[in-house]
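Visitor: This is the structure I have questions about; it appears just below.
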Amino acid sequence: MGGPVVALVVIGLAGGGAVALARHDTAHSPPAPRAATSSHLERVTHTVPPVALGQMVYFGGPHDASTTFLPLGEQPQDGRTLSAQHAYDALVQKASKLSPIPATVRAYYGSLTDRNTSPMAVDTAVWGFAVVTGCVYTGVPPAHHSRCRQWEFVDARTGHDLGVIEQEVLPD
């Protein structure tokens, strides 16, 4: 019957794109496996470039360093850093009702620098939540870009949604 519903923010561009809300009914979906085992996930893994630990992700192009994310790997076991699950729950505002992170969403612990926010985020410890979707454009989309990795960031210490929503254009 009425199973729990997880809200996932599918990201629009910070430059004025709308934020869309997709819902996933978790009552009919098994929890996300640790390793990709379904043929769909394997197909996505083989066609989408992975997020490389220690390799900077630039938003806005390779020459625009105003917003960057450095994936670092495992969260520190310092007792002050939220788990990916708790950060995700804070993002979707369901902290009182834990819902598994959907299989289509990947969580990355790392360091965010965003010079476009006030106050600026400089080397802020974050959880970045990414989903591969079509690209969102405010004008006519370029013909050669059809897939993007949409990102949203949560402060890894406080659980506050940083309001930083970015789009990483993936190669076709």
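The values are calculated or read from the model by the stated rules, or taken from the named source; none is laboratory data. Because the structure is a prediction, the values reported are computed rather than measured. For neighbour counting, all protein chains shown are included, and Cβ atoms are generated from backbone atoms with ideal geometry for every residue, glycine included.
Visitor: Only residues in segment 152-172 that are closer than 16 Å to Tyr109 by Cβ count as the first member; pair them with residues that are at pLDDT 90 or above and of a type in the set (Ser, Thr, Tyr), Cβ under 6 angstrom, at least 6 apart or cross-chain, and list the lot.
Guide: Ala156/Thr81
Visitor: Considering segment 39-93 alone, what residues qualify as being of a type in the set (A, V, I, L, M) and either modelled with pLDDT under 80 or at positive phi (or both)?
Guide: Initially, segment 39-93 is screened for residues of a type in the set (A, V, I, L, M), giving 41, 44, 48, 51-53, 56-57, 65, 70, 72, 82, 84, 87, 90-92.
Leu41, Val44, Ala65 - these are the residues of segment 39-93 that are of a type in the set (A, V, I, L, M) and either modelled with pLDDT under 80 or at positive phi (or both).
Visitor: Output the residues belonging to segment 78-137 that are part of a loop (DSSP other than H, G, I, E, B) and either free of Cβ contacts under 8 Å to residues at least 24 places away in the same chain or aromatic (Phe, Trp, Tyr) (or both). Full working, then the answer.
Guide: Residues of segment 78-137 that are part of a loop (DSSP other than H, G, I, E, B), as a first pass: 78-83, 92-105, 115-120, 135-137.
Once the filter is applied, which keeps residues that are part of a loop (DSSP other than H, G, I, E, B) and either free of Cβ contacts under 8 Å to residues at least 24 places away in the same chain or aromatic (Phe, Trp, Tyr) (or both), segment 78-137 yields Asp78, Gly79, Ser83, Ser96, Leu98, Ser118, Pro119, Met120, Tyr137.
Visitor: Oh, and also: Could you look through segment 94-105, keep only residues that are within 15 Å of the chain's Cα centre (by Cα) and under 20 Å from Gly159 (Cβ atoms), and pick out the one that is modelled with the lowest pLDDT?
Guide: Keep residues of segment 94-105 that are within 15 Å of the chain's Cα centre (by Cα), which gives 100-105.
Restricting the remaining residues to those that are under 20 Å from Gly159 (Cβ atoms) gives 100-102, 105.
Working: Pro100: 88, Ile101: 92, Pro102: 92, Val105: 95.
If we take residues in segment 94-105 being within 15 Å of the chain's Cα centre (by Cα) and under 20 Å from Gly159 (Cβ atoms), then Pro100 is modelled with the lowest pLDDT.
Visitor: Which residues, taken from segment 147-164, are surrounded by 22 or more Cβ atoms within 10 Å (Cβ to Cβ) and hydrophobic (A, V, I, L, M, F, W, C)?
Guide: Result: Trp151, Phe153, Val154, Ala156, Val164.
Visitor: Restricting attention to segment 115-135, which residues are surrounded by 18 or more Cβ atoms within 10 Å (Cβ to Cβ) and over 15 Å from the mean Cα position of the chain (by Cα)?
Guide: Of everything in segment 115-135, those that are surrounded by 18 or more Cβ atoms within 10 Å (Cβ to Cβ) and over 15 Å from the mean Cα position of the chain (by Cα) turn out to be Ala121, Thr124.
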